[in-house]
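Following: one structure in structure tokens, then a few remarks.
The values are calculated or read from the model by the stated rules, or taken from the named source; none is laboratory data. Since the structure is predicted, the reported quantities are computational estimates derived from the model, not experimental observations. Note: ideal-geometry Cβ built from the backbone for every residue, glycine included; neighbour counts use all protein chains shown. Keep in mind that these areas ignore ligands, DNA and RNA; they rest on the heavy atoms of the full protein, side chains included. Shrake-Rupley method; radii C 1.70, N 1.55, O 1.52, S 1.80 Å.
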Amino acid sequence: MASVHTSTAPLIPVFERREELRRILDSRYLSNSPKKRRFLEFVSEQTFAGNGEKLNEYLIGVEVYDRGVDFNPQKDPIVRVQAHEIRRLLKKFYEEEGKASPIRMDLPSGHYVPIFTRNIEDEEGQESSTDAEAEAPERLASSRLPWTLAFVSASLCLVLAALLISDWITRRSLPTHAQASVLPDNLQWFWGPFLPPADPPLITIPNHPLLRAAHGGDSPQTLAAGHEIPKSSLPEFRDTIHFHELKRFLFVPSLTDFTSVGETLGVVELCDMFSTAGQKCRVQQSRLVNLDEIKGENSILLGGNQAWSGRVFLNVEGFHFQSGVILNRSPQPGEQPVYKPEFDSVTNQLTRDYALVLMLPNETKDRRVLLIYGIYTQGSQAAIEYLTNPERMAELRKALLALSPDHKTIPEYFQLLLSTTVENAVPGKTSLVTLRIVHF
């Protein structure tokens, strides 16, 4: 293995450190370990945000492992044990899959602040590149934009390719109707209607209208419709590759691009779970789905804000997702009439999000429509993680049984309101706020 540079992490731009973190999280060593992924992502994002000195066993135990405020690291070694395992997996990653990585990430023993160091060969390559830039600035300036386009396109393609490959492997490896579910009982009661012998549910991801950065591959008509924002007015972008590579910050409208990160990560979790149960994974973007499809089959709708999503709520009791808030038309004791996201008063970063989950019948009542709507994408991600966690679903099952008339039969249709903490745009601890039985 090539020697590594001993310089400190700030010498490496944040966007490069995030790319290395993403390579590690997507590797075969961590891709199927959600808690270890969450551990590494949490400590990294806290470090990127300048909060590394706050990282300790108690904070990680509470935020990553849901240990509660009475967590005692001296009695419960979960954080130390998991940190040791993560260090072992990092070592194996750099011995094999990440052997050629230009940057190395380490979690020093006894500490929880990750260290990023640059491969010395990569640094020498960067110095050569700097010399070449001094000799031919015009040539480099003209070549950078295509590289930016390639980077952005490649990132999107990787996400889509991962979903397509997962779906392809599942389709090739399973018969038309899988034999039986192997989900734990605490998941089976909720997800059973979507599993074989039922047809694969249609998972719908949202297409939100947005302004994206223009690039050299856009048509003149697209560029002419753009809106320019001076770079100096967007200092938050300074650590991104776009700030350094793009000459102008020209933003163009789009109805087809996909930016719902939380829903994307949620789809991966759902597909992993369905694969375990012998079910295929069928994903479609909302702009290509119509209401008749939703009403006629098993469907899972993620993210909300689709053009037709409001009609799904007609005549549904309890909560309504509307205009970026969750309305509570009939507040029960201890409940609020409106649930809004919360933000830090100094940084204006999202600190709390809410998500609404509805289990409803389709039009013929022989299949199900499941809605998982976060106010922000973090709420959607947190809700999916909650619904695929056997321990949390055992709590939900118990709460639903307490609401049922006979306390023995789980209601077929219901709503639940979830709340999640958010740190550095990453969902943290999720909790059940309240429940409603839906009558049809």
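Filter region 401-426 down to the residues that are over 27 Å from the mean Cα position of the chain (by Cα) and either of a type in the set (A, V, I, L, M, F, W, C) or within 25 Å of D353 (Cβ to Cβ) (or both) and list them by number.
Across region 401-426, the qualifying residues are L401, A402, L403, I410.
Determine whether L291 is open to solvent by less than 80 Å² (accessible area, probe 1.4 Å), touching a strand residue (DSSP E or B) at 6+ places or on another chain (Cβ under 9 Å) and either within 19 Å of R368 (Cα to Cα) or modelled with pLDDT of 80 or more (or both).
no
Under the condition of being among the aliphatic types (A, V, I, L, M) and open to solvent by 30 Å² or more (accessible area, probe 1.4 Å), which residue from region 180-197 is farthest from R248 (Cα to Cα)?
Only one residue fits best here, namely A180.
Please work out if S299 is open to solvent by less than 10 Å² (accessible area, probe 1.4 Å) and at pLDDT 90 or above.
The answer is yes for S299.
Might you let me know whether region 224-240 holds any residue that is under 23 Å from T388 (Cα atoms), modelled with pLDDT of 85 or more and among the charged types (D, E, K, R)?
No, region 224-240 contains no residue that is under 23 Å from T388 (Cα atoms), modelled with pLDDT of 85 or more and among the charged types (D, E, K, R).
Filter the helices (runs of 4 or more DSSP H) completely within region 33-121 down to those with at least 3 residues that are closer than 21 Å to T240 by Cα, at pLDDT 90 or above and not acidic (D, E).
In region 33-121, the matching helices (runs of 4 or more DSSP H) lie at 34-48.
Going by what's in this entry, would I12 be described as of a type in the set (V, I, T), in contact with a strand residue (DSSP E or B) (Cβ under 9 Å, 6 or more places away or on another chain), at pLDDT below 90 and open to solvent by less than 20 Å² (accessible area, probe 1.4 Å)?
Yes: the conditions hold for I12.
Which condition from (1) assigned to a helix (DSSP H, G or I); (2) in contact with a helix residue (DSSP H, G or I) (Cβ under 9 Å, 6 or more places away or on another chain); (3) surrounded by fewer than 22 Cβ atoms within 10 Å (Cβ to Cβ) is the one that Q284 breaks?
(1)
Is it the case that region 422-435 has a residue that's closer than 17 Å to H320 by Cβ, open to solvent by 10 Å² or more (accessible area, probe 1.4 Å) and in contact (Cβ under 8 Å) with a residue 60 or more places away in the chain?
Taking every residue of region 422-435 in turn, at least one turns out to be closer than 17 Å to H320 by Cβ, open to solvent by 10 Å² or more (accessible area, probe 1.4 Å) and in contact (Cβ under 8 Å) with a residue 60 or more places away in the chain.
Within the bounds of region 404-414, is there any residue that is part of a strand (DSSP E or B) and open to solvent by less than 10 Å² (accessible area, probe 1.4 Å)?
For region 404-414, residues part of a strand (DSSP E or B) and open to solvent by less than 10 Å² (accessible area, probe 1.4 Å): present.
Within region 15-44, which residues are open to solvent by 40 Å² or more (accessible area, probe 1.4 Å) and either over 26 Å from L387 (Cβ atoms) or in contact with a strand residue (DSSP E or B) (Cβ under 6 Å, 6 or more places away or on another chain) (or both)?
F15, R18, E19, R23
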